[in-house]
Amino acid sequence: MTQLDSSSAAPAKATTRRRDWWAVVSVMAGIFLLVTAEQLPIGLLSQLASSLDVSEGKAGLMITVPGVVAAFAAPLLPVAVGRLDRRYLLTGLMALMALASVLGALMDSFGWLLATRVLIGCCIGGFWAIAGGLAGRLVALEQVPRAMSLIFSGVAAATVLGVPAGTWLGDVSDWRTAFAALGGLSVVVCIGLWRLLPSLPARKPVRLASLGGQLRVPGVCIGALATALIVVGHFGAYTFVSPILQRLGGVALGDVSRLLLLFGAAGLAGNFIAGSLAGGRPYLTVLLIPLVLAATTLAFPWLGTRPFSATVLLMLWGLVFGGISVSLQTWILRSATNPEAATAMMAFVFNLSIGLGALSGGQVVDALGLSAVLLAAGGLFVAAALLIAVTPARVVSRQETRPPGTSSRT
């Protein structure tokens, strides 16, 4: 979930050149690598735990730490940098990402490895806080929704390509090679951002005063709560998808990377399907997502006990969760009175929920086992569906005619 930079309140460009679209692609590539870095330990969890001599539950901190750090970096970093040109900020954060990834590949201590994950979290939160609001400054107004979809596709592409590719590289080599490769790609994207992005001075500094006020808006409050329940539930279980597939589904370790690739492909399809549905029916789309996720995770311990059935359930899981970001973004933009502040708060909630989900999931796995974490996730999805079901549909109709990614002043 991204925060709209306050500078996005400015009117979109009148025309769009080919170079402008390449700038959008460079931002998408940055998000692609950041999400890959955040979630890569999921596919390498068993290998990481064995290599560093920690439990799989403790290894889940590799997801918790950057998620929590990113949650606080998302609203605080734009405040800290004030009017710094966003081109400099995004390029600098990608350079820091490259450094943190290479350092992580060199660490022999789990504690020091977690320290590099703190840096990754700063990059994730800071980059997302700015990137989500750039569409209106890079392309013409009528093309803002398309540019936003392209930027957000970096999230799904990371699941489709980044995490499976990193998992495969870790399988054929080791996890250190996967981390080092991530650092090398970050250098390439850093250069691309520097060369392709125009000067992006902040026209108005981001302030904290208006963030909490958006939680008094019913639609934003419900959206934030639903986001927390869904994301905590998802990452509580998905963080441990590798051991779940192996131990519950009977999937061979060598097949996990291929299944994660299929999971990501399903998620990418779900992103575009949900995007088209949410444009006309955001309430129904957001309601269906936790309902189907609940059915999938609650059924997994009983129906996902063979490689084929586990694969089918995993694909359904990916298809549905792939639509959550664009659906909730549409919900928030249509219900908020101040979209920039509302999406800033949502960035905090989303990233914090990733960290809390991985942390709580690790505790459940260590105490009760893999089936229990799937059931706990299903319970959270049911709670989210009930919350949305008792919410009047009119809370998401306030901004129905405003193009996504633009402010009420555009």
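Out of the residues in segment 211-266 meeting the condition of being within 22 Å of residue 330 (Cα to Cα) and not in a helix (DSSP H, G or I), tell me which one is nearest to the chain's Cα centre (by Cα).
211
Can you pull out every residue in segment 187-198 that is hydrophobic (A, V, I, L, M, F, W, C) and either in a helix (DSSP H, G or I) or open to solvent by 30 Å² or more (accessible area, probe 1.4 Å) (or both)?
187, 188, 189, 190, 191, 193, 194, 196 - these are the residues of segment 187-198 that are hydrophobic (A, V, I, L, M, F, W, C) and either in a helix (DSSP H, G or I) or open to solvent by 30 Å² or more (accessible area, probe 1.4 Å) (or both).
Among the residues of segment 330-343, is any open to solvent by 10 Å² or more (accessible area, probe 1.4 Å), modelled with pLDDT of 80 or more, in a helix (DSSP H, G or I) and more than 24 Å from residue 301 (Cβ to Cβ)?
Looking through segment 330-343, none of the residues is open to solvent by 10 Å² or more (accessible area, probe 1.4 Å), modelled with pLDDT of 80 or more, in a helix (DSSP H, G or I) and more than 24 Å from residue 301 (Cβ to Cβ).
Being open to solvent by 10 Å² or more (accessible area, probe 1.4 Å), touching a residue at least 60 places away in the same chain (Cβ under 8 Å) and in a helix (DSSP H, G or I) is the filter; apply it to segment 82-92 and report the residue that is farthest from residue 368 (Cα to Cα). Let's see the steps before the verdict.
Going residue by residue through segment 82-92, those that are open to solvent by 10 Å² or more (accessible area, probe 1.4 Å) are 82-85, 87-89, 91-92.
Still in the list and also touching a residue at least 60 places away in the same chain (Cβ under 8 Å): 82-85, 87, 91.
Now drop any that are not in a helix (DSSP H, G or I), which leaves 87, 91.
Working: 87: 47, 91: 43 Å.
It comes out as 87.
Does residue 146 satisfy being basic (Lys, Arg) and surrounded by fewer than 21 Cβ atoms within 10 Å (Cβ to Cβ)?
Numbers: basic (Lys, Arg): yes; surrounded by fewer than 21 Cβ atoms within 10 Å (Cβ to Cβ): yes.
Taking the combined requirement at face value, the residue satisfies it.
Here's the yes/no breakdown for (1) out of contact with any Ser or Thr (no Cβ under 7 Å at 6 or more places or on another chain); (2) open to solvent by 10 Å² or more (accessible area, probe 1.4 Å); (3) closer than 17 Å to residue 244 by Cα:
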{"residue": "273", "(1), (2), (3)": "yes, yes, no"}
{"residue": "278", "(1), (2), (3)": "no, no, no"}
{"residue": "281", "(1), (2), (3)": "yes, yes, no"}
{"residue": "290", "(1), (2), (3)": "yes, no, no"}
{"residue": "318", "(1), (2), (3)": "yes, no, yes"}
{"residue": "327", "(1), (2), (3)": "no, no, no"}
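Quickly run through segment 161-176 and pick out the residues that are open to solvent by less than 60 Å² (accessible area, probe 1.4 Å) and of a type in the set (A, V, I, L, M, F, W, C).
Those that are open to solvent by less than 60 Å² (accessible area, probe 1.4 Å) and of a type in the set (A, V, I, L, M, F, W, C): 163, 165, 169, 175.
Criterion first (open to solvent by 40 Å² or more (accessible area, probe 1.4 Å) and either assigned to a helix (DSSP H, G or I) or at positive phi (or both)) does residue 309 satisfy it?
no
When you check residue 279 against the structure, is it modelled with pLDDT under 85 and over 19 Å from the mean Cα position of the chain (by Cα), yes or no?
In short, yes.
Give segment 249-266 a look and list any residue that's more than 17 Å from residue 157 (Cβ to Cβ), open to solvent by 50 Å² or more (accessible area, probe 1.4 Å) and of a type in the set (A, V, I, L, M, F, W, C), or say none.
The answer is 252, 253.
Among residues belonging to segment 357-372 that are within 22 Å of the chain's Cα centre (by Cα) and among the hydrophobic types (A, V, I, L, M, F, W, C), point out the one that is farthest from residue 38 (Cα to Cα).
359
Every residue in segment 199-241 that is open to solvent by 50 Å² or more (accessible area, probe 1.4 Å) and modelled with pLDDT under 90, please.
199, 201, 203, 204, 207, 208, 209, 210, 215, 216, 218
Give me the pairs, please: first residue somewhere in segment 292-309 and β-branched (Val, Ile, Thr), second residue anywhere and open to solvent by 20 Å² or more (accessible area, probe 1.4 Å) and at pLDDT 95 or above, beta-carbon distance under 6 Å, and either six or more positions apart or on two chains.
Close Cβ pairs satisfying both conditions: 296/313; 296/316.
Only one of (1) part of a helix (DSSP H, G or I); (2) surrounded by 18 or more Cβ atoms within 10 Å (Cβ to Cβ); (3) touching a residue at least 40 places away in the same chain (Cβ under 8 Å) fails for residue 184. Which number is that?
Result: residue 184 passes all but (2).
The values are calculated or read from the model by the stated rules, or taken from the named source; none is laboratory data. Just so we're clear, the structure is a prediction, and the values are computed from it rather than from any experiment. All Cβ positions, glycine included, derive from the backbone under ideal geometry; neighbour counts span all protein chains shown. Side chains included, ligands, DNA and RNA excluded: accessible areas come from the protein's heavy atoms. Shrake-Rupley method; radii C 1.70, N 1.55, O 1.52, S 1.80 Å.
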